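Working notes for the structure below.
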Amino acid sequence: MQVERMDTMGSDLTVVNSARVSFSKHSEELNSSDEKLIAYLAKHGHWSPFSHCFVQFKINAPIFVARQLQKHQVGLAWNEESRRYIDDEPEVYSPPEWRRRAADKKQGSMLEPVPSQQVAQSIAKELNDKAIDCYRRLLKLSVCPEQARMVLPQSALTNWYWSGSLYAFSRVCNLRLKDDAQAETREIAQGISDHCSVTFPISWECLTKC
């Protein structure tokens, strides 16, 4: 899995100037009072100044992770590769560790790994290999890619561009970085957070304190 930052617009100063325009004020560089303003805006839910900053990512992750993250739509745009049109060899995701099922139904898994790691890995590999083989065979029969893709597993990797406001991505990360979020989606959210903390250090710290 990979999170690559493709483009950005704005900075912490953009947030400040978007807020201060109400008083016809404009700053050329950040100062201590500007940092306090950013903290105030984040703390009290004044989201619009943060929405003038934009980030675009290219993300590579398995389909089951993409479908969880795609639920976040407000302030975000999503364009994904389509196997209606491409028929290159699919890649599949293999987790570094298979986790135990959680006793609490509100938790998806425990940190504790299952004891039979090799068995779990071989079961998944058997299914993935079979699915990809079936996919190849359907294509050889001249079945159209948009139908052949039906046999591919949720572990198949997909790529998408994900763009949106800084505030929108902070909402994603505040939810998906919680302890009860699925580890794989948390990995993608962490990648997004790492990039945003570099480009918008003050704003991102304030937006993700919760």
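Once the Cβ-Cβ distance of GLU146 and LEU175 is raised to the sixth power relative to R0 = 30 Å, the FRET efficiency obtained is 0.40.
Per atom type, the range 61-210 shows carbon and sulfur on 52% of its accessible surface, probed at 1.4 Å.
How would the range 67-158 be classified by its alpha-carbon gyration tensor: rounded, prolate or oblate, with rounded meaning a/c under 1.5 and the a/b versus b/c comparison settling the rest? Oblate, because a/c is 1.5 or more while a/b does not exceed b/c. List the relative contact order of the range 1-128 as a percent without decimals, with contacts defined as Cα pairs under 8 Å and 6+ residues apart. This gives 25 percent for the range 1-128. Taking amide H as placed 1.01 Å from N in the peptide plane, the amide H of PHE57 sits under 5 Å from that of MET6, TRP162, SER163, each at least 5 places away or on another chain.
Over the range 1-130, with the other protein chains present, what is the accessible area per residue in square angstrom, probe 1.4 angstrom?
Values: 8980 Å² over 130 residues.
I get 69 Å² per residue for the range 1-130.
Which net charge results for the neighbourhood of VAL55, defined as the other residues with beta-carbon distances under 9 angstrom from its beta-carbon, given Lys and Arg at +1 and Asp and Glu at -1? Show your work: numbers first, answer last.
Working: positive: ARG5; negative: ASP7.
So the environment of VAL55 carries a net charge of 0.
Normalised by the number of residues in the range 69-210, the average gap of Cα pairs under 8 Å and 6 or more apart makes the relative contact order 31 percent.
Tell me, what is the percent relative contact order of the range 1-55, built from C-alpha pairs under 8 Å that lie six or more residues apart? Before the final figure, lay out the partial values.
On the way: 39 pairs, mean separation 30.5, N = 55.
Answer for the range 1-55 is 55 percent.
For the chain, adding -39500 (n - 2.57) for each run of n ≥ 4 DSSP H residues and dividing by the number of residues yields -13000 deg cm²/dmol at 222 nm.
For LEU76 and LYS36, what does the FRET efficiency come to when R0 = 30 Å and r is the distance between their Cβ atoms, rounded to the nearest 0.05?
Working: r = 29 Å, r/R0 = 0.96.
Between LEU76 and LYS36 the formula returns 0.55.
Consider all pairwise Cα distances in the range 1-91 and report the whole-number % of them above 22 Å. The share of Cα pairs beyond 22 Å in the range 1-91 comes to 47 percent.
The values are calculated or read from the model by the stated rules, or taken from the named source; none is laboratory data. Computed from a predicted structure; not experimentally measured. Here the Cβ is made from the backbone with ideal geometry for all residues, glycine too, and neighbour counts use every protein chain on show. All accessible areas refer to the heavy atoms of the entire protein, side chains included, with ligands and DNA or RNA removed. Shrake-Rupley method; radii C 1.70, N 1.55, O 1.52, S 1.80 Å.
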